[in-house]
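The values are calculated or read from the model by the stated rules, or taken from the named source; none is laboratory data. Everything quoted here is computed from the prediction, not taken from an experiment. So basically every Cβ, Gly included, is an ideal-geometry build from the backbone, and we count neighbours across all protein chains shown. For accessibility, only protein heavy atoms count, side chains too; no ligands or nucleic acids. Shrake-Rupley method; radii C 1.70, N 1.55, O 1.52, S 1.80 Å.
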Amino acid sequence: MTAAAERLRVAVVGVGIGRSHLRGYREVADRFDVVAVCDIDAERARPVAAEHGVSRVVTDLVELLRMDDVDVVDLCTPPHLHFEQIQQVLGAGKHAICEKPLVSSLAEMDELARVEASSGRRIMPIFQYRFGHGIQKLRLLIAEGVAGTPYLATVETAWRRRAEYYAVPWRGKWATERGGALLSHAIHNHDLLCYVLGPPRRLFAYTATRVNAIEVEDCAAATLEMADGSAASLGVTLGSPEEISRHRFSFCGLVAESNTRPYTNSGDPWTFVADSPELSERIAATLAEFRPLPEHYAGQFYRFYDALRESKELPVSLADARLSVELITAMYYSAESHQSVTLPIGADHPRYSSWIPRDAAAA
Ligand SMILES: NC(=O)c1ccc[n+]([C@@H]2O[C@H](COP(=O)([O-])OP(=O)(O)OC[C@H]3O[C@@H](n4cnc5c(N)ncnc54)[C@H](O)[C@@H]3O)[C@@H](O)[C@H]2O)c1
């Protein structure tokens, strides 16, 4: 960020989901100026850049990284590229924002933390659903002590993906997508569970491929013992004719339930049902103080700007992404070994260097 130009100058790399990022930056245009778009597919990138008023389009990340007037590079490329590209971005003296899944193993995650610490630049993983107003209200109720002891959380991700979705060459394969529904689809809903309750300490998971003819899983279920002692269950399918996402959290003082919109269920409305008239009043009084900030991508970018300016913790940190990668590693290892898995997972775990199940890696 330069003193003269208060806005952060961003380049977006990859114009699939990158288009949603571009819309997000426009919502907070007083903080960000998108100065370049990069995609190896120039035909795809040009109209997207034009739609967002970005005049510079390049097809090579190295060329982009030579530009002096770029502060932040936002990587929206396929997952198997993230680890190398993030390091290239930091090496060029720029901050990196990167789509999920951030990397492909806990070993890569820990390496990135070391690289970031010595770079003087920051890495922000994307978990945009955290900034929906519904889940932010629940976080406020917890912080204000209204919710009390957590008992049970249930998380459902019932989406629909058909064969044409897997026509994109990198999808559905361990080598390039690095996982299935747990990694690519339910990762957000499971991040939201940990955003509210913190990490699990033990889990058991089952995965299956039943919906599409792909290598990776498209159905899964898991039971979790959270570190706070509460219980959680996760259900995932990509074969649901009606698509929903749902979070339901039972606490001593209240039960919180999300709406079921599949892709924006962290936003309003959520219902909060209290255990007593007194708690009902406290919920109403607490929520009356709720200050809505921008949501989703714009919400994460908005907070990123403040965090950089004030040298504060980023709205999504590498530790958050590590927990998400740890959860993935534990679930795949449990499904592969038919055993429960204890967290946290350290360097001595058999899947520390890759969560890809041994049978799949050998195939
Ligand atoms: N946060 C979310 O809700 C969300 C939603 C969808 C996808 N994603 C993630 O975003 C990433 C991209 O997914 P997608 O669905 O947009 O994929 P996509 O295949 O639709 O788009 C990826 C783009 O990256 C470009 N690309 C590939 N290699 C490149 C390179 N070396 N340099 C520059 N551009 C390159 C491709 O040409 C393509 O246009 C994945 O990690 C995915 O998991 C996140």
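Normalised by the residues of the chain, what does the relative contact order come to in percent, with Cα pairs under 8 Å and at least six apart?
18 percent
Looking only at Ser311, Ser230, Ser324, which one moves most when the chain is put into a Gaussian network model with springs between Cα atoms under 10 Å?
Answer for the Gaussian network model of the chain: Ser311.
What percentage of the solvent-accessible surface of the chain, computed with a 1.4 Å probe over protein heavy atoms, is contributed by carbon and sulfur atoms?
The nonpolar share, carbon plus sulfur, comes to 50 percent.
Rounded if a/c is under 1.5, else prolate if a/b is larger than b/c, else oblate: which is the chain, with a ≥ b ≥ c the root eigenvalues of its Cα gyration tensor?
oblate
When the dipole is taken about the Cα centre of the chain, and only Lys, Arg (+1) and Asp, Glu (-1) are charged at their Cβ, what size is it in debye, to the nearest 20?
About 220 debye.
Just report the Cα centroid separation between the stretch 180-224 and the stretch 74-133, whole Å.
What the calculation gives is 21 Å, centre to centre.
Tell me the accessible surface of Ile356 in square angstrom (1.4 angstrom probe, heavy atoms of protein chains only), to the nearest ten.
We get 30 Å² for Ile356.
Given the options Pro47, Tyr263, Leu81, identify the residue whose Cα lies farthest towards the positive end of the charge dipole of the chain (+1 on Cβ of Lys, Arg; -1 on Cβ of Asp, Glu).
Pro47
Rg to Rh for the stretch 216-297: what is it, with Cα atoms only and Rh by Kirkwood?
1.03
Of the listed pairs Lys94/Lys137; Lys173/Lys312; Lys137/Lys173; Lys137/Lys312, which have alpha-carbon separations greater than 28 Å here?
Distance filter (> 28 Å) returns Lys94/Lys137; Lys173/Lys312; Lys137/Lys173.
Step through the residues of the stretch 196-203 one at a time and calculate ³J(HN,Hα) from phi using the Karplus curve (6.51 cos²θ - 1.76 cosθ + 1.60, θ = phi - 60°), rounding each to whole Hz and writing x for Gly and Pro.
Each residue of the stretch 196-203 in turn: 8, 10, x, x, x, 10, 7, 8 Hz.
With all protein chains present and a 1.4 Å probe, how do Trp270, Trp170 order by accessible area, largest first?
Trp170, Trp270
Keeping every protein chain present and rolling a 1.4 Å probe, give me the accessible area per residue for the chain in Å².
43 Å²
Taking amide hydrogens as modeled 1.01 Å from N in the peptide plane, which residues meet the under 5 Å criterion relative to Ile97, leaving out close sequence neighbours?
Val73, Asp74, Leu75, Met124
Which value in nm describes the separation of the simple spin-label points at Glu51 and Arg358, placed 7 Å from the Cα toward the beta carbon?
4.7 nm
Among rounded, prolate and oblate, which fits the stretch 115-161 when a ≥ b ≥ c are the square roots of the eigenvalues of its C-alpha gyration tensor, a/c under 1.5 means rounded, and a/b larger than b/c means prolate?
Oblate is the answer for the stretch 115-161, as a/c is 1.5 or above yet b/c matches or exceeds a/b.
Can you give the helix-only mean residue ellipticity at 222 nm for the chain, where every DSSP H stretch with n ≥ 4 adds -39500 (n - 2.57) and the sum goes over all residues, rounded to the nearest 500 deg cm²/dmol?
Helix-only estimate at 222 nm: -10000 deg cm²/dmol.
What percent do you get for the relative contact order of the stretch 138-271 when only Cα pairs under 8 Å and 6+ apart count?
RCO, the stretch 138-271: 33 percent.
Between Arg178, Arg291, Arg261, find the one with the highest GNM mean-square fluctuation for the chain; connect C-alpha pairs within less than 10 Å.
Between Arg178, Arg291, Arg261, it is Arg291 that shows the largest mean-square fluctuation.
Each residue of the stretch 104-119 in turn: what ³J(HN,Hα) in whole Hz from Karplus with 6.51, -1.76, 1.60 and θ = phi - 60°, glycine and Pro shown as x?
10, 6, 5, 4, 5, 4, 5, 5, 4, 4, 5, 5, 4, 4, 9, 8
Test of the criteria: in the stretch 287-316, which GluC sites (Glu not before Pro) are in a DSSP loop and have at most 16 other Cβ atoms within 10 angstrom of their Cβ?
Sites meeting the loop and neighbour criteria: Glu289, Glu310, Glu313.
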